[in-house]
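The values are calculated or read from the model by the stated rules, or taken from the named source; none is laboratory data. This one's a predicted model, so the numbers in the text were calculated from it and none came from an experiment. Don't worry about glycine lacking a Cβ; one is built from the backbone with ideal geometry, like all the others, and counts go over all protein chains shown.
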């Protein structure tokens with residue numbers, strides 16, 4: 001019951017939010033009430049709910065209240081909206097897609113393979129969690145340490161956890177994980193490893209679930225299951241998840257941003273664009289690299305599609321970014337890159353060619369060995385894309401261009417961080433390059449399965465309704481050209 | 001249609017093989033990865049119980065110093081980081097230049113000698129390598 005108690009409120013908030021703005025439309029002919037796309041809404045909604053609860057908890061500290069009234073208010077508001085519109089709106093995702101009745105056996109086989117791998121992953125996740133319930137080094141020395149400061153300290157003492165004396169624990173890192181863990185302890189009434197393990201479990205398996213359900217909506221069940229399989233067959237994701245590192249939640253939010261934005265483009269939906277904004281902003285509330293992702297995506301969107309859906313995106317992002325800005329401006333210590341220590345010798349590091357060579361060499365090595373799979377996960381994906389070929393569906397061209405450029409900007413940003421950071425570069429690359437790849441790995445897999453031609457016979461994708469939205473995308477692409 | 005089915009059948013076989021490879025790779029990958037990650041994590045002994053007694057004697061909030069016989073922060077940061085983790089929300093500074101200092105020693109017998117050398121007095125020795133020291137100003 002303990003994990004349920006932890007996840008119930010964020011899941012309710014997120015799901016209701018997704019029901020309220022995520023693809024429900026009075027004009028849509030799809031299912032009224034619950035439908036098969038609610039699993040997707042539940043997964044992405046729970047992630048968003050966790051992020052929002054974490055922000056409310058943090059805001060509660062700053063404004064000296066518990067944060068709980070805001071959480072309850074939001075869930076009640078979402079509940080009222082969903083209740084009022086329960087019979088007046090249909091699921092747009094149901095209304096515009098159809099399923100071909102062929103090759104069900106193959107779909108079932110893929111579903112079984114996906115389930116089989118997830119069972120292995122789950123067993124491994126719990127085995128690792130049982131042996132290291134407090135997680136890896138980063139988990140206890142950064143995230144759970146900060147959670148202890150928030151949970152144990154009263155009054156204004158929580159700010160002590162952000163002193164420069166604790167610079168080794170990165171007091172400039174955002175607080176999604178620590179604040180949610182502390183809030184869960186408050187709900188439970190005691191400190192327990194169950195809270196961070198539950199959180200890690202959700203984000204780890206949520207990545208595979210979000211991938212499978214998101215690609216299923218966009219490209220059909222078989223492509224969705226194949227995409228889910230690729231994540232299910234990435235052992236590094238589950239081991240790092242069990243180690244409670246923040247790279248996995250960040251990977252979840254990067255994927256959530258891309259999936260939501262793809263749905264926003266496909267269905268011309270401002271609601272999904274605002275969800276994408278919320279997810280991108282929550283990536284920034286998870287880790288500093290998430291702020292890099294937010295900036296990269298924004299820039300890519302402006303460059304590639306002249307800021308289409310930008311208003312809705314920013315409408316979702318800005319309220320969620322506000323606590324991040326508040327934290328960075330008023331609470332966080334200076335970062336080790338741009339603080340006084342980082343600025344010392346920065347020019348020398350930039351002008352050192354050996355650093356560039358080492359970064360390139362190690363990046364290729366880590367890409368080759370990522371997984372770890374004998375053939376290399378990136379290589380398998382590249383072969384799949386080469387064999388499948390590219391689909392010619394112009395409806396996804398905007399998100400493919402935006403997503404690819406955003407991921408490239410982000411990867412470039414990572415290289416820049418390596419270049420500037422005042423630490424032993426070889427050690428830094430050795431200990432973190434895999435985790436940085438993990439952050440963008442689900443986003444890359446999503447992009448590949450969105451770009452690849454559905455060789456196994458797509459069972460969705462031929463939009464039977466909403467010609468207007470199709471022509472809207474077409475005109476957008478024309479503008480891109 | 002027969003062509004389609006033939007192509008689909010071929011692809012299905014390819015997918016079956018691919019999935020089998022994925023599954024085998026996953027198992028093989030886990031074996032090496034789990035052992036590597038867990039070995040690194042299990043090297044850290046969570047000995048929080050040692051600090052239960054001293055927490056009752058420490059203030060609820062503030063900054064205290066740190067003294068160890070394992071070569072200081074530079075040589076053994078792990079012990080210091082863990083001490084901070086156990087004692088949060090108290091801030092444990094890296095140096096012993098504070099009125100209250102926590103001693104985290106591997107050799108309990110060395111506490112008194114090292115504390116005296118730093119001008120510190122042993123307030124309470126928990127006989128498990130952990131002690132509360134204080135700086136007496138004269």
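Here is a list: A:200, A:167, A:182. Which entry is closer than 20 Å to residue A:334 by Cα, part of a helix (DSSP H, G or I) and either facing chain B (nearest Cβ under 8 Å) or touching a residue at least 60 places away in the same chain (Cβ under 8 Å) (or both)? Please lay out each step first, then the result.
Details: A:200 fails: closer than 20 Å to residue A:334 by Cα; A:182 fails: closer than 20 Å to residue A:334 by Cα.
So the residue among A:200, A:167, A:182 that is closer than 20 Å to residue A:334 by Cα, part of a helix (DSSP H, G or I) and either facing chain B (nearest Cβ under 8 Å) or touching a residue at least 60 places away in the same chain (Cβ under 8 Å) (or both) is A:167.
Going by the conditions given, is residue B:79 crowded, with 16+ Cβ neighbours inside 10 Å, at pLDDT below 90 and either more than 8 Å from chain A (Cβ to nearest Cβ) or outside any helix (DSSP H, G or I) (or both)? Give the steps one after another, and end with the answer.
Working: crowded, with 16+ Cβ neighbours inside 10 Å: yes; at pLDDT below 90: yes; either more than 8 Å from chain A (Cβ to nearest Cβ) or outside any helix (DSSP H, G or I) (or both): yes.
It is true that residue B:79 is crowded, with 16+ Cβ neighbours inside 10 Å, at pLDDT below 90 and either more than 8 Å from chain A (Cβ to nearest Cβ) or outside any helix (DSSP H, G or I) (or both).
Assess whether residue A:223 counts as being away from chain B (no Cβ under 14 Å) and either closer than 30 Å to residue A:450 by Cα or surrounded by 22 or more Cβ atoms within 10 Å (Cβ to Cβ) (or both).
On the way: away from chain B (no Cβ under 14 Å): no; either closer than 30 Å to residue A:450 by Cα or surrounded by 22 or more Cβ atoms within 10 Å (Cβ to Cβ) (or both): yes.
No, not satisfied.
What residue, of A:153, A:130, is surrounded by fewer than 22 Cβ atoms within 10 Å (Cβ to Cβ), within 12 Å of chain B (Cβ to nearest Cβ) and in contact with a helix residue (DSSP H, G or I) (Cβ under 7 Å, 6 or more places away or on another chain)?
A:153
Sort through A:233, A:262 and tell me the only one that's under 18 Å from residue A:312 (Cα atoms) and in contact (Cβ under 8 Å) with a residue 40 or more places away in the chain.
A:262
Which ones in region A:211-262 are outside any helix (DSSP H, G or I) and closer than 26 Å to residue A:108 by Cα? Walk me through how you get there before you give the answer.
So in region A:211-262, the residues outside any helix (DSSP H, G or I) come out as A:220, A:233-234, A:243-246.
Residues satisfying the conditions are A:220, A:233, A:234.
Residues A:290, A:316: which one is surrounded by 22 or more Cβ atoms within 10 Å (Cβ to Cβ) and within 21 Å of residue A:18 (Cα to Cα)?
Details: A:290 fails: within 21 Å of residue A:18 (Cα to Cα).
Result: A:316 is the single residue among A:290, A:316 that is surrounded by 22 or more Cβ atoms within 10 Å (Cβ to Cβ) and within 21 Å of residue A:18 (Cα to Cα).
Of the residues A:97, A:93, A:42, only one is more than 28 Å from residue A:237 (Cα to Cα) and either at the interface with chain B (Cβ under 10 Å from one of its Cβ atoms) or at pLDDT 75 or above (or both); which?
Working: A:97 fails: either at the interface with chain B (Cβ under 10 Å from one of its Cβ atoms) or at pLDDT 75 or above (or both); A:42 fails: more than 28 Å from residue A:237 (Cα to Cα).
That would be A:93, the only listed residue that is more than 28 Å from residue A:237 (Cα to Cα) and either at the interface with chain B (Cβ under 10 Å from one of its Cβ atoms) or at pLDDT 75 or above (or both).
Looking at residue A:135 and the list (1) more than 7 Å from chain B (Cβ to nearest Cβ); (2) on the phi < 0 side of the Ramachandran plot, which single condition is not satisfied?
The single condition residue A:135 does not satisfy is (2).
Out of (1) in a helix (DSSP H, G or I); (2) within 14 Å of another protein chain (Cβ to nearest Cβ), what's the single condition that is false for residue A:177?
(2)
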